[in-house]
Structures are given as structure tokens and as C-alpha cells.
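The values are calculated or read from the model by the stated rules, or taken from the named source; none is laboratory data. It should be emphasised that the depicted structure is a prediction, and the values quoted were computed from it without experimental measurement. Positions of Cβ are generated from backbone atoms using ideal geometry, with glycine treated the same way; all protein chains shown enter the neighbour counts.
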Ligand code: PAF
């Protein structure tokens, strides 16, 4: 257990606590979250603590990254349990603002990251990266950390955040951390809690199918065929629909026709009402 986890709800309290930690000689590491924490989030906190000394988490279910038909209302909200988990992982400070503190009346600025936001998740969820980029820019400027830690599970989000921090000269290093998985390969995600027992059994196939697609691409199968085969296999395994399976350039996410440059396979697929995403280096 950490000595203590302080919880603050305003930007000025957050900045005062961060300034105190700095004055005491610590570096500051930051992990933004939407709560419903699992081991994947805690690995970000542990990385922040190990690298920087003082670990800050935020908990804010950001309405701007949900479309009206998405799961904002049913997104799990478990602050007390989250705070206990954060304390056990060594987190020093939790910033859990109210909606009005993040988006006061008259809020009218948004951050748009072109190019890397456009394909894949950007096509399927057109509102999503605008909401993420806006809230992450705010959070980075609010926390003023030395480094901020994001999971590779949301690989496109990680690229978007790296780009906005670079483009806007935000003096926080953006660090990607590896995806944590269940035994059957299912990437840890707060949304896994939505899965029924039957859906949960099928869910692990997503990662397996991506592994098979990587193997096929390395064995010389054309990229487009490997992608299409994988989508077909997901449907055969019981997924209700597939938004995409794509092998892309690992930094730009542009389509590729061979594996000469570093590549990433990314996928999004539905099990009933639950949308799962996953990705891996090719
Ligand atoms: O990955 C998430 O949980 C969210 O998109 C983030 C980065 C906390 C922004 O709301």
C-alpha cells in the first residue's frame, strides 16, 4: 500500500500537489484514465512511479469522446475501488475532476490531429479522436508532468497523443506501455466487463487470429488477403461483425503492400453490443 493517495478535483489543487512534489525533488509521471481500472492501468502507474518518483493518475469519463449512441451512460464508474487499486500500485495523487471543471460553460476549443487520426478508429468513430485529443491536451497541460504513460492497447490513440504533444510543444514525454493480456490472449480492457460468459470465451480468439494473420503475412500472403482472411476467421469464431483488420505502417498507419517498413496489425470487432480492439507489432 502507498503511504497515502490524495484525491483532488480542481486544476489548482492538482498543480499545487504537483508543485509540492517537485519542490521535494521528485519527478512527476502521469497516467490519464477513465477509471474502471485493471492491471493494464496499474502497469502504467507502476511505470510512472518507477521512472519519475511521483505518480499521478486522472479519472475522468470524457463525454467528448463518446458519440450519442455509444456507452457513455453505462461506462463503469467505480471511483472508490479505483482509488484503492491506485493506492496499492503506489500512486501518489488522483485527479478526479467534475465535468464542469473540465468543460465549464462556454467551453469552445477543440484539438484536431490530422493524418494519424483519420483512418481505422477515425473512420469508425469520427467523433472519437477529437474528444481524446482535446481532453488529453487539457490533462497534459493541467498536470505538467515530466512523462505521461499510455497503453499500446489503444495504439492509434498513442500515436495521436504523441503527435499532439510534439506539434503543440507540450513538454511532457509520451511513453507507450505494452498491452497486458489474459491467459487466452484477450487484451485487458474496461469494456471486457460487458462480455457475457459465452462472449468472453470467443473474445480470446481476436488475439489468436491476429497472430495467424501476422504469420501468414510473413509467409508471403498478400497483405490484403491476410487482412480479409482474418476478418473472415473472426466471423467464423462467433464475432458478430468486424469493423476492420488492417496491417498498416506502424507510425503513419498508412496502408502498405509489403513488410519492408515496421508494420502493425490493428483490429476492431463486435461481440454483441461490445466492441473490442486489439493490435500487435507485425
Ligand atoms: O484511454 C483512455 O482511457 C482515454 O481515451 C483517455 C486517454 C484517458 C482520454 O480520455
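Output the strands (runs of 3 or more DSSP E) that fall wholly within region 27-106 and possess 3 or more residues being within 15 Å of the ligand (Cβ to nearest atom), within 21 Å of residue 121 (Cβ to Cβ) and touching a residue at least 12 places away in the same chain (Cβ under 8 Å), or say none.
In region 27-106, the matching strands (runs of 3 or more DSSP E) lie at 27-33.
From the list 81, 3, 89, 55, which residue is at negative phi, surrounded by fewer than 22 Cβ atoms within 10 Å (Cβ to Cβ) and modelled with pLDDT of 95 or more?
Details: 3 fails: modelled with pLDDT of 95 or more; 89 fails: surrounded by fewer than 22 Cβ atoms within 10 Å (Cβ to Cβ); 55 fails: surrounded by fewer than 22 Cβ atoms within 10 Å (Cβ to Cβ).
After applying the criteria, what remains is 81.
Please tell me if residue 139 is in a helix (DSSP H, G or I), within 16 Å of the ligand (Cβ to nearest atom) and under 22 Å from the mean Cα position of the chain (by Cα). Outline the logic, then answer.
Working: in a helix (DSSP H, G or I): yes; within 16 Å of the ligand (Cβ to nearest atom): yes; under 22 Å from the mean Cα position of the chain (by Cα): yes.
Yes; evaluated as a whole, the condition is true for this residue.
Within region 168-189, is there a residue that is surrounded by 15 or more Cβ atoms within 10 Å (Cβ to Cβ) and in a helix (DSSP H, G or I)?
No.
Testing residue 218 on (1) surrounded by fewer than 20 Cβ atoms within 10 Å (Cβ to Cβ); (2) closer than 21 Å to residue 151 by Cα, one condition comes back false. Which one is that?
(2)
Look through region 107-125, keep the residues that are within 16 Å of the ligand (Cβ to nearest atom) and without any contact (Cβ under 8 Å) to a residue 24 or more places away in the chain, and return whichever of them is surrounded by the most Cβ atoms within 10 Å (Cβ to Cβ).
So, considering only residues that are within 16 Å of the ligand (Cβ to nearest atom) and without any contact (Cβ under 8 Å) to a residue 24 or more places away in the chain, the one surrounded by the most Cβ atoms within 10 Å (Cβ to Cβ) is 107.
Go through region 142-167 and report how many residues are more than 13 Å from the ligand (Cβ to nearest atom) and either part of a helix (DSSP H, G or I) or under 29 Å from residue 68 (Cβ atoms) (or both).
Initial filter on region 142-167 (more than 13 Å from the ligand (Cβ to nearest atom)): 144-147, 163, 166-167.
If we keep only those that are either part of a helix (DSSP H, G or I) or under 29 Å from residue 68 (Cβ atoms) (or both) too, we end up with 163, 166-167.
Count: 3.
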